[in-house]
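Here the structure comes first, spelled out in C-alpha coordinates, and everything after it is commentary.
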Amino acid sequence: MKELQVRYQKSMEHHYLVVSQEGQLREDYQLRMVLENRIAGLLSLEVKQREGRKELYYDVSSLQPLTRIYDRRELSGEEIRRIFTGILDALGGLHEYMLEEGNVVLDPEYIFTDPEEGKIHLLFLPGSGSEEGDDPLLHPAEFLMEHADHRDPQAAMCAYRIYQTIRKGNYVTKDLRRVLEREPAESGAVTERIPEVFADPEKEPFAKPEEQWQNEEKMPLSEEDLFGHRETDMLPQPENAGKTIECSVKLSYIPATILMLVGVLVCSGAIPGVYPDKAGKLVAFAFILAGAAVILLQRRKAKKGKGMTEADPLEAAFADMTPREFSSRDFPARELPMAVPVRAAEKEAEENYGKTVFVGAVDVPVENVLVEAGKKKEYRIEHFPYTIGKRKECVDLALTDRTVSRIHARILWKDGHAYLQDCHSTNGTYLNGVQLEAEETVMLEREDEICIGKVKFSYL
(Lines give C-alpha, C1' and ligand atoms only; values in the text may rest on other atoms or scores of the structure.)
Protein backbone atom coordinates (compact mmCIF):
# COMPACT_ATOMS: atom_id res chain seq x y z
CA MET A 1 0.00 0.00 0.00
CA LYS A 2 1.28 3.43 -0.94
CA GLU A 3 2.24 5.74 1.90
CA LEU A 4 -0.39 8.39 2.46
CA GLN A 5 0.38 12.09 2.71
CA VAL A 6 -1.64 13.04 5.78
CA ARG A 7 -1.85 15.78 8.34
CA TYR A 8 -4.25 16.51 11.19
CA GLN A 9 -6.25 19.68 11.57
CA LYS A 10 -8.44 20.96 14.37
CA SER A 11 -11.44 23.24 13.91
CA MET A 12 -13.73 24.66 16.58
CA GLU A 13 -15.67 21.41 17.12
CA HIS A 14 -13.98 18.74 15.01
CA HIS A 15 -10.67 17.04 14.37
CA TYR A 16 -9.84 16.02 10.83
CA LEU A 17 -7.39 13.69 9.19
CA VAL A 18 -6.51 15.44 5.93
CA VAL A 19 -5.28 13.42 2.95
CA SER A 20 -3.47 15.18 0.13
CA GLN A 21 -3.35 13.38 -3.20
CA GLU A 22 -0.89 13.96 -5.99
CA GLY A 23 -2.50 15.53 -9.04
CA GLN A 24 -6.13 16.54 -9.38
CA LEU A 25 -8.80 14.70 -7.41
CA ARG A 26 -10.92 12.64 -9.77
CA GLU A 27 -14.57 12.99 -8.84
CA ASP A 28 -16.13 9.66 -9.73
CA TYR A 29 -19.20 7.71 -8.67
CA GLN A 30 -17.57 6.27 -5.55
CA LEU A 31 -16.40 9.64 -4.24
CA ARG A 32 -19.87 11.15 -4.69
CA MET A 33 -21.46 8.15 -2.97
CA VAL A 34 -19.23 8.54 0.14
CA LEU A 35 -19.75 12.33 0.22
CA GLU A 36 -23.52 12.19 -0.04
CA ASN A 37 -24.25 9.25 2.29
CA ARG A 38 -23.58 8.42 5.91
CA ILE A 39 -22.17 4.90 5.48
CA ALA A 40 -21.89 2.78 8.61
CA GLY A 41 -18.32 1.84 9.44
CA LEU A 42 -16.70 4.56 7.30
CA LEU A 43 -15.25 7.89 8.44
CA SER A 44 -17.42 10.78 7.26
CA LEU A 45 -15.74 12.68 4.43
CA GLU A 46 -15.64 16.25 3.14
CA VAL A 47 -13.72 17.73 0.20
CA LYS A 48 -12.20 21.17 0.73
CA GLN A 49 -10.18 23.51 -1.47
CA ARG A 50 -6.67 24.47 -0.32
CA GLU A 51 -3.96 26.27 -2.30
CA GLY A 52 -5.63 25.56 -5.61
CA ARG A 53 -6.23 21.84 -5.03
CA LYS A 54 -8.83 19.69 -3.34
CA GLU A 55 -8.12 17.74 -0.16
CA LEU A 56 -10.04 15.01 1.62
CA TYR A 57 -11.09 15.80 5.21
CA TYR A 58 -12.03 12.77 7.34
CA ASP A 59 -13.75 13.51 10.66
CA VAL A 60 -11.85 11.67 13.45
CA SER A 61 -13.35 13.56 16.40
CA SER A 62 -13.33 11.41 19.59
CA LEU A 63 -11.61 8.59 17.69
CA GLN A 64 -8.14 7.08 18.01
CA PRO A 65 -6.18 4.76 15.70
CA LEU A 66 -5.65 1.15 16.78
CA THR A 67 -1.88 1.67 16.81
CA ARG A 68 -2.24 4.28 19.55
CA ILE A 69 -4.70 2.48 21.81
CA TYR A 70 -2.83 -0.80 21.65
CA ASP A 71 0.76 0.38 21.27
CA ARG A 72 1.50 -0.84 24.79
CA ARG A 73 -1.54 -2.96 25.55
CA GLU A 74 -2.17 -6.59 24.75
CA LEU A 75 -5.42 -7.63 23.09
CA SER A 76 -7.81 -10.07 24.72
CA GLY A 77 -9.75 -12.63 22.72
CA GLU A 78 -12.94 -10.58 23.02
CA GLU A 79 -11.19 -7.41 21.77
CA ILE A 80 -9.73 -9.27 18.78
CA ARG A 81 -13.19 -10.58 17.83
CA ARG A 82 -14.74 -7.14 18.24
CA ILE A 83 -12.11 -5.38 16.13
CA PHE A 84 -12.11 -7.86 13.27
CA THR A 85 -15.90 -8.25 13.30
CA GLY A 86 -16.13 -4.44 13.03
CA ILE A 87 -13.77 -4.45 10.03
CA LEU A 88 -15.79 -7.20 8.29
CA ASP A 89 -19.10 -5.43 9.02
CA ALA A 90 -17.79 -2.17 7.56
CA LEU A 91 -16.49 -3.92 4.43
CA GLY A 92 -19.75 -5.84 4.07
CA GLY A 93 -21.76 -2.59 4.10
CA LEU A 94 -19.90 -1.29 1.03
CA HIS A 95 -21.75 -3.62 -1.34
CA GLU A 96 -25.04 -1.86 -0.62
CA TYR A 97 -23.52 1.32 -2.11
CA MET A 98 -21.59 -0.52 -4.86
CA LEU A 99 -18.23 0.59 -3.44
CA GLU A 100 -15.03 -1.35 -3.99
CA GLU A 101 -13.38 -2.90 -0.94
CA GLY A 102 -9.95 -2.30 -2.47
CA ASN A 103 -10.35 1.45 -1.85
CA VAL A 104 -10.50 1.00 1.93
CA VAL A 105 -7.22 1.73 3.75
CA LEU A 106 -6.66 -1.19 6.14
CA ASP A 107 -3.37 -0.08 7.63
CA PRO A 108 -3.91 -0.26 11.46
CA GLU A 109 -2.56 3.31 11.68
CA TYR A 110 -5.69 4.46 9.80
CA ILE A 111 -8.23 2.11 11.39
CA PHE A 112 -9.99 4.24 14.00
CA THR A 113 -12.07 3.23 17.00
CA ASP A 114 -13.99 4.88 19.80
CA PRO A 115 -12.17 4.05 23.08
CA GLU A 116 -15.50 3.78 24.92
CA GLU A 117 -17.93 2.18 22.46
CA GLY A 118 -15.30 0.19 20.56
CA LYS A 119 -16.87 0.76 17.13
CA ILE A 120 -14.57 0.49 14.11
CA HIS A 121 -14.32 3.29 11.52
CA LEU A 122 -12.44 2.78 8.24
CA LEU A 123 -10.93 5.30 5.85
CA PHE A 124 -12.33 5.01 2.30
CA LEU A 125 -9.94 6.59 -0.19
CA PRO A 126 -11.42 6.63 -3.70
CA GLY A 127 -8.99 5.63 -6.40
CA SER A 128 -6.39 4.18 -4.00
CA GLY A 129 -6.85 0.47 -4.69
CA SER A 130 -4.66 -2.28 -3.23
CA GLU A 131 -1.55 -3.52 -4.94
CA GLU A 132 -1.84 -6.70 -6.94
CA GLY A 133 -1.23 -9.84 -4.89
CA ASP A 134 -1.41 -7.96 -1.60
CA ASP A 135 -4.43 -8.87 0.57
CA PRO A 136 -5.34 -5.69 2.50
CA LEU A 137 -6.77 -7.73 5.40
CA LEU A 138 -3.32 -9.17 6.04
CA HIS A 139 -2.21 -5.84 7.61
CA PRO A 140 -4.78 -5.83 10.46
CA ALA A 141 -4.36 -9.61 10.87
CA GLU A 142 -0.61 -9.20 11.45
CA PHE A 143 -1.30 -6.36 13.89
CA LEU A 144 -3.68 -8.55 15.91
CA MET A 145 -1.17 -11.42 15.92
CA GLU A 146 1.60 -9.14 17.16
CA HIS A 147 -0.47 -7.50 19.90
CA ALA A 148 -2.52 -10.51 21.06
CA ASP A 149 -2.06 -11.56 24.66
CA HIS A 150 -0.25 -14.86 24.10
CA ARG A 151 -0.77 -15.82 27.75
CA ASP A 152 -4.49 -16.01 26.94
CA PRO A 153 -5.30 -19.10 24.81
CA GLN A 154 -8.48 -17.53 23.42
CA ALA A 155 -6.64 -14.42 22.23
CA ALA A 156 -3.70 -16.31 20.75
CA MET A 157 -5.81 -18.92 18.96
CA CYS A 158 -8.31 -16.39 17.59
CA ALA A 159 -5.60 -14.10 16.19
CA TYR A 160 -3.68 -17.05 14.76
CA ARG A 161 -6.72 -18.55 13.03
CA ILE A 162 -7.55 -15.19 11.43
CA TYR A 163 -3.98 -14.76 10.20
CA GLN A 164 -3.72 -18.31 8.85
CA THR A 165 -7.07 -18.11 7.02
CA ILE A 166 -6.06 -14.88 5.25
CA ARG A 167 -2.49 -15.97 4.55
CA LYS A 168 -3.57 -19.23 2.91
CA GLY A 169 -5.85 -17.29 0.53
CA ASN A 170 -8.88 -18.66 -1.36
CA TYR A 171 -11.22 -17.68 1.46
CA VAL A 172 -14.54 -15.85 1.61
CA THR A 173 -15.91 -13.60 4.34
CA LYS A 174 -17.94 -16.50 5.75
CA ASP A 175 -14.71 -18.36 6.50
CA LEU A 176 -13.46 -15.47 8.64
CA ARG A 177 -16.78 -15.09 10.42
CA ARG A 178 -16.77 -18.82 11.15
CA VAL A 179 -13.36 -18.39 12.81
CA LEU A 180 -14.61 -15.44 14.87
CA GLU A 181 -17.79 -17.22 15.94
CA ARG A 182 -16.05 -20.33 17.29
CA GLU A 183 -17.20 -21.18 20.79
CA PRO A 184 -14.51 -19.92 23.22
CA ALA A 185 -13.17 -22.19 25.95
CA GLU A 186 -14.78 -21.80 29.39
CA SER A 187 -13.31 -18.98 31.40
CA GLY A 188 -12.43 -21.40 34.20
CA ALA A 189 -10.10 -23.45 32.00
CA VAL A 190 -6.42 -22.72 32.60
CA THR A 191 -3.81 -23.68 30.05
CA GLU A 192 -0.04 -23.56 30.04
CA ARG A 193 1.50 -20.30 28.86
CA ILE A 194 1.63 -19.91 25.09
CA PRO A 195 5.12 -18.91 23.88
CA GLU A 196 5.44 -15.50 22.28
CA VAL A 197 5.21 -15.61 18.49
CA PHE A 198 7.45 -12.60 17.94
CA ALA A 199 10.96 -12.43 19.30
CA ASP A 200 11.35 -8.73 18.59
CA PRO A 201 8.22 -6.56 18.14
CA GLU A 202 10.25 -3.93 16.25
CA LYS A 203 11.27 -6.38 13.57
CA GLU A 204 9.05 -7.46 10.71
CA PRO A 205 6.61 -10.11 11.95
CA PHE A 206 7.25 -13.66 10.84
CA ALA A 207 10.71 -12.81 9.46
CA LYS A 208 11.93 -16.30 8.59
CA PRO A 209 14.39 -17.80 6.13
CA GLU A 210 12.96 -18.28 2.66
CA GLU A 211 13.58 -22.03 2.82
CA GLN A 212 11.44 -22.33 5.97
CA TRP A 213 8.57 -20.44 4.33
CA GLN A 214 8.71 -22.84 1.38
CA ASN A 215 8.49 -25.82 3.69
CA GLU A 216 5.53 -24.28 5.48
CA GLU A 217 3.76 -23.66 2.17
CA LYS A 218 3.96 -27.39 1.45
CA MET A 219 2.61 -28.22 4.89
CA PRO A 220 0.56 -25.22 6.17
CA LEU A 221 0.86 -24.39 9.83
CA SER A 222 -2.09 -25.31 11.96
CA GLU A 223 -3.37 -23.83 15.16
CA GLU A 224 -1.41 -26.22 17.39
CA ASP A 225 1.85 -24.53 16.26
CA LEU A 226 1.24 -21.87 18.89
CA PHE A 227 1.71 -24.42 21.69
CA GLY A 228 4.62 -26.32 23.09
CA HIS A 229 4.75 -30.06 23.78
CA ARG A 230 5.33 -32.28 26.78
CA GLU A 231 8.38 -34.47 27.19
CA THR A 232 6.15 -37.54 27.59
CA ASP A 233 4.79 -36.95 24.07
CA MET A 234 8.28 -37.47 22.65
CA LEU A 235 8.82 -40.88 24.33
CA PRO A 236 7.97 -43.98 22.25
CA GLN A 237 4.70 -45.41 23.55
CA PRO A 238 3.54 -48.97 22.73
CA GLU A 239 0.32 -48.94 20.80
CA ASN A 240 -1.57 -51.12 23.32
CA ALA A 241 0.09 -49.78 26.47
CA GLY A 242 -3.15 -48.46 27.94
CA LYS A 243 -5.06 -51.67 27.19
CA THR A 244 -2.34 -53.87 28.76
CA ILE A 245 -2.42 -51.88 32.00
CA GLU A 246 -6.20 -52.02 32.14
CA CYS A 247 -6.28 -55.80 31.54
CA SER A 248 -3.64 -56.56 34.20
CA VAL A 249 -5.53 -54.47 36.73
CA LYS A 250 -8.75 -56.36 36.10
CA LEU A 251 -7.01 -59.75 36.50
CA SER A 252 -5.42 -58.67 39.80
CA TYR A 253 -8.90 -58.03 41.25
CA ILE A 254 -9.81 -61.79 41.07
CA PRO A 255 -7.69 -63.06 44.01
CA ALA A 256 -8.68 -60.02 46.07
CA THR A 257 -12.36 -60.74 45.44
CA ILE A 258 -11.88 -64.40 46.43
CA LEU A 259 -10.22 -63.37 49.71
CA MET A 260 -13.08 -61.04 50.58
CA LEU A 261 -15.69 -63.66 49.62
CA VAL A 262 -14.05 -66.27 51.89
CA GLY A 263 -14.13 -63.78 54.77
CA VAL A 264 -17.85 -63.15 54.27
CA LEU A 265 -18.62 -66.87 54.11
CA VAL A 266 -16.67 -67.56 57.32
CA CYS A 267 -18.59 -64.85 59.16
CA SER A 268 -21.93 -66.20 58.00
CA GLY A 269 -21.05 -69.84 58.92
CA ALA A 270 -21.74 -71.03 55.38
CA ILE A 271 -18.50 -73.10 55.21
CA PRO A 272 -18.96 -76.60 56.76
CA GLY A 273 -16.63 -77.32 59.69
CA VAL A 274 -15.83 -73.65 60.26
CA TYR A 275 -17.68 -72.00 63.16
CA PRO A 276 -18.20 -68.19 63.39
CA ASP A 277 -16.80 -67.96 66.89
CA LYS A 278 -14.47 -65.19 68.03
CA ALA A 279 -11.39 -66.73 66.43
CA GLY A 280 -13.30 -67.49 63.22
CA LYS A 281 -14.50 -63.90 62.94
CA LEU A 282 -10.98 -62.57 63.37
CA VAL A 283 -9.80 -64.80 60.53
CA ALA A 284 -12.73 -63.65 58.39
CA PHE A 285 -11.96 -59.95 58.93
CA ALA A 286 -8.31 -60.61 58.12
CA PHE A 287 -9.35 -62.08 54.75
CA ILE A 288 -11.65 -59.14 53.98
CA LEU A 289 -8.99 -56.54 54.88
CA ALA A 290 -6.36 -58.37 52.81
CA GLY A 291 -8.64 -58.34 49.76
CA ALA A 292 -9.44 -54.64 50.15
CA ALA A 293 -5.73 -53.79 50.51
CA VAL A 294 -4.89 -55.66 47.29
CA ILE A 295 -7.59 -53.77 45.36
CA LEU A 296 -6.39 -50.42 46.72
CA LEU A 297 -2.78 -51.10 45.76
CA GLN A 298 -3.75 -52.19 42.26
CA ARG A 299 -5.82 -49.05 41.72
CA ARG A 300 -2.81 -46.88 42.63
CA LYS A 301 -0.63 -48.91 40.28
CA ALA A 302 -3.14 -48.36 37.49
CA LYS A 303 -2.97 -44.58 37.90
CA LYS A 304 0.81 -44.60 37.78
CA GLY A 305 0.69 -46.81 34.72
CA LYS A 306 -1.40 -44.23 32.91
CA GLY A 307 1.39 -41.71 33.58
CA MET A 308 -0.82 -39.06 35.15
CA THR A 309 -2.25 -38.51 38.63
CA GLU A 310 -5.50 -36.76 39.47
CA ALA A 311 -3.54 -33.66 40.44
CA ASP A 312 -1.65 -33.57 37.12
CA PRO A 313 -1.65 -29.86 36.08
CA LEU A 314 -1.64 -30.66 32.36
CA GLU A 315 -4.75 -32.84 32.73
CA ALA A 316 -6.50 -30.00 34.56
CA ALA A 317 -5.25 -27.50 31.98
CA PHE A 318 -6.90 -29.23 29.03
CA ALA A 319 -9.86 -30.82 30.81
CA ASP A 320 -12.33 -28.25 29.48
CA MET A 321 -11.01 -28.11 25.93
CA THR A 322 -13.04 -29.70 23.16
CA PRO A 323 -11.65 -32.90 21.58
CA ARG A 324 -11.64 -31.22 18.17
CA GLU A 325 -9.40 -28.38 19.23
CA PHE A 326 -7.05 -30.12 21.65
CA SER A 327 -6.60 -33.84 21.01
CA SER A 328 -3.41 -35.86 21.38
CA ARG A 329 -2.72 -35.33 17.68
CA ASP A 330 -2.67 -31.57 18.19
CA PHE A 331 0.67 -31.63 20.01
CA PRO A 332 3.19 -33.20 17.63
CA ALA A 333 6.64 -33.93 18.98
CA ARG A 334 8.59 -31.78 16.55
CA GLU A 335 10.45 -28.54 16.64
CA LEU A 336 8.11 -25.58 16.28
CA PRO A 337 8.82 -23.01 13.56
CA MET A 338 9.01 -20.07 15.97
CA ALA A 339 11.36 -17.16 16.32
CA VAL A 340 11.87 -18.12 20.00
CA PRO A 341 12.58 -21.75 21.06
CA VAL A 342 9.78 -23.18 23.18
CA ARG A 343 11.94 -24.06 26.18
CA ALA A 344 13.68 -20.67 26.14
CA ALA A 345 10.30 -18.91 26.03
CA GLU A 346 8.96 -21.03 28.90
CA LYS A 347 12.07 -20.32 31.00
CA GLU A 348 11.73 -16.60 30.31
CA ALA A 349 8.02 -16.77 31.19
CA GLU A 350 8.86 -18.33 34.57
CA GLU A 351 11.47 -15.67 35.32
CA ASN A 352 9.11 -12.83 34.33
CA TYR A 353 5.99 -14.31 35.94
CA GLY A 354 3.98 -11.57 37.60
CA LYS A 355 5.65 -8.78 35.65
CA THR A 356 3.77 -6.73 33.06
CA VAL A 357 5.43 -6.75 29.65
CA PHE A 358 4.14 -4.36 27.01
CA VAL A 359 4.56 -4.80 23.28
CA GLY A 360 6.67 -2.06 21.76
CA ALA A 361 7.76 -0.56 25.07
CA VAL A 362 11.07 1.30 25.01
CA ASP A 363 13.44 1.40 27.97
CA VAL A 364 14.06 4.88 29.35
CA PRO A 365 17.76 5.76 29.13
CA VAL A 366 17.60 8.73 31.53
CA GLU A 367 15.37 9.80 34.38
CA ASN A 368 12.20 11.59 33.28
CA VAL A 369 9.67 12.97 35.75
CA LEU A 370 6.43 14.94 35.52
CA VAL A 371 5.62 17.08 38.56
CA GLU A 372 1.98 18.19 38.88
CA ALA A 373 1.68 21.84 39.85
CA GLY A 374 -0.06 22.61 43.13
CA LYS A 375 -0.23 19.02 44.34
CA LYS A 376 3.54 18.52 43.94
CA LYS A 377 2.86 14.98 42.82
CA GLU A 378 5.65 13.25 40.92
CA TYR A 379 5.06 10.79 38.08
CA ARG A 380 8.13 8.89 36.97
CA ILE A 381 8.23 8.03 33.26
CA GLU A 382 9.66 4.53 33.08
CA HIS A 383 8.83 3.67 29.47
CA PHE A 384 7.90 5.27 26.16
CA PRO A 385 5.49 6.09 24.68
CA TYR A 386 3.93 7.50 27.86
CA THR A 387 0.24 8.28 27.37
CA ILE A 388 -1.77 10.81 29.41
CA GLY A 389 -5.55 10.99 29.48
CA LYS A 390 -8.77 10.15 31.31
CA ARG A 391 -9.42 6.62 30.06
CA LYS A 392 -7.67 4.41 32.62
CA GLU A 393 -7.58 1.32 30.40
CA CYS A 394 -5.78 3.14 27.59
CA VAL A 395 -3.32 5.49 29.33
CA ASP A 396 -0.31 5.39 31.65
CA LEU A 397 -1.24 8.51 33.63
CA ALA A 398 -4.98 8.79 34.30
CA LEU A 399 -6.30 12.25 35.21
CA THR A 400 -9.79 12.98 36.51
CA ASP A 401 -10.07 16.62 35.41
CA ARG A 402 -13.04 17.25 33.10
CA THR A 403 -10.90 19.23 30.65
CA VAL A 404 -8.76 16.15 29.92
CA SER A 405 -9.64 13.99 26.92
CA ARG A 406 -9.81 10.20 27.11
CA ILE A 407 -6.48 9.93 25.28
CA HIS A 408 -5.11 13.44 25.50
CA ALA A 409 -1.35 13.48 24.80
CA ARG A 410 1.77 11.30 24.64
CA ILE A 411 5.43 11.70 25.50
CA LEU A 412 7.67 9.92 23.00
CA TRP A 413 11.40 9.19 22.89
CA LYS A 414 13.40 9.60 19.71
CA ASP A 415 17.11 10.09 18.97
CA GLY A 416 17.95 10.66 22.63
CA HIS A 417 15.24 13.29 23.26
CA ALA A 418 11.74 13.36 24.72
CA TYR A 419 8.89 14.76 22.59
CA LEU A 420 5.38 15.89 23.48
CA GLN A 421 2.56 14.96 21.08
CA ASP A 422 -1.06 16.06 21.13
CA CYS A 423 -3.51 13.24 20.42
CA HIS A 424 -6.08 15.60 18.83
CA SER A 425 -7.46 16.44 22.26
CA THR A 426 -10.60 18.53 22.76
CA ASN A 427 -9.17 21.22 25.07
CA GLY A 428 -5.66 21.22 23.69
CA THR A 429 -2.12 20.42 24.82
CA TYR A 430 0.15 23.37 25.67
CA LEU A 431 3.93 23.59 25.94
CA ASN A 432 5.17 26.72 27.72
CA GLY A 433 1.86 28.44 26.95
CA VAL A 434 1.84 27.61 23.22
CA GLN A 435 -0.89 25.26 22.01
CA LEU A 436 0.17 22.30 19.90
CA GLU A 437 -1.66 21.55 16.68
CA ALA A 438 -3.52 18.24 16.44
CA GLU A 439 -0.94 15.42 16.28
CA GLU A 440 1.91 17.98 16.43
CA THR A 441 5.11 16.67 18.04
CA VAL A 442 7.49 19.08 19.84
CA MET A 443 10.81 18.40 21.60
CA LEU A 444 10.79 18.73 25.38
CA GLU A 445 13.45 20.48 27.44
CA ARG A 446 14.02 20.20 31.18
CA GLU A 447 11.77 22.46 33.31
CA ASP A 448 9.31 22.94 30.42
CA GLU A 449 5.71 23.59 31.48
CA ILE A 450 3.11 21.21 30.03
CA CYS A 451 -0.64 21.84 30.20
CA ILE A 452 -2.98 18.90 29.65
CA GLY A 453 -6.32 20.70 29.48
CA LYS A 454 -6.18 22.71 32.71
CA VAL A 455 -3.78 20.35 34.52
CA LYS A 456 -0.21 21.74 34.65
CA PHE A 457 3.02 19.77 34.89
CA SER A 458 6.73 20.52 34.94
CA TYR A 459 8.97 18.20 32.96
CA LEU A 460 12.15 17.41 34.90
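The values are calculated or read from the model by the stated rules, or taken from the named source; none is laboratory data. This structure is a prediction, so every number in the text was calculated from the model and none was measured. So basically every Cβ, Gly included, is an ideal-geometry build from the backbone, and we count neighbours across all protein chains shown. What goes into the accessible areas is simple: the full protein's heavy atoms, side chains included, and nothing from ligands, DNA or RNA. Shrake-Rupley method; radii C 1.70, N 1.55, O 1.52, S 1.80 Å.
A few points about this structure:
- If the condition is being within 15 Å of residue 62 (Cβ to Cβ), touching a Gly at 6+ places or on another chain (Cβ under 6 Å) and not in a loop (DSSP other than H, G, I, E, B), then the range 420-448 contributes no residue at all.
- Strands (runs of 3 or more DSSP E) contained entirely in the range 362-412, each with at least 2 residues that are open to solvent by less than 60 Å² (accessible area, probe 1.4 Å) and more than 17 Å from residue 436 (Cβ to Cβ): 362-372, 377-384
- Enumeration of residues in the range 26-42 that are surrounded by 16 or more Cβ atoms within 10 Å (Cβ to Cβ), of a type outside the set (Gly, Ala, Ser) and part of a loop (DSSP other than H, G, I, E, B): 39
- Any hit, the range 112-121, residues being modelled with pLDDT of 95 or more, surrounded by 13 or more Cβ atoms within 10 Å (Cβ to Cβ) and either part of a helix (DSSP H, G or I) or over 20 Å from the mean Cα position of the chain (by Cα) (or both): yes
- Any hit, the range 15-23, residues being assigned to a helix (DSSP H, G or I) and over 24 Å from residue 409 (Cα atoms): no
- Within the range 437-454, being crowded, with 19+ Cβ neighbours inside 10 Å and modelled with pLDDT under 95 holds for 438, 453.
- The set of residues in the range 418-436 being open to solvent by 20 Å² or more (accessible area, probe 1.4 Å) and under 16 Å from residue 380 (Cα atoms) consists of 419 alone.
- Pick from the range 43-78, criterion more than 24 Å from residue 425 (Cβ to Cβ) and within 32 Å of the chain's Cα centre (by Cα), ranking: most open to solvent (accessible area, probe 1.4 Å): 78
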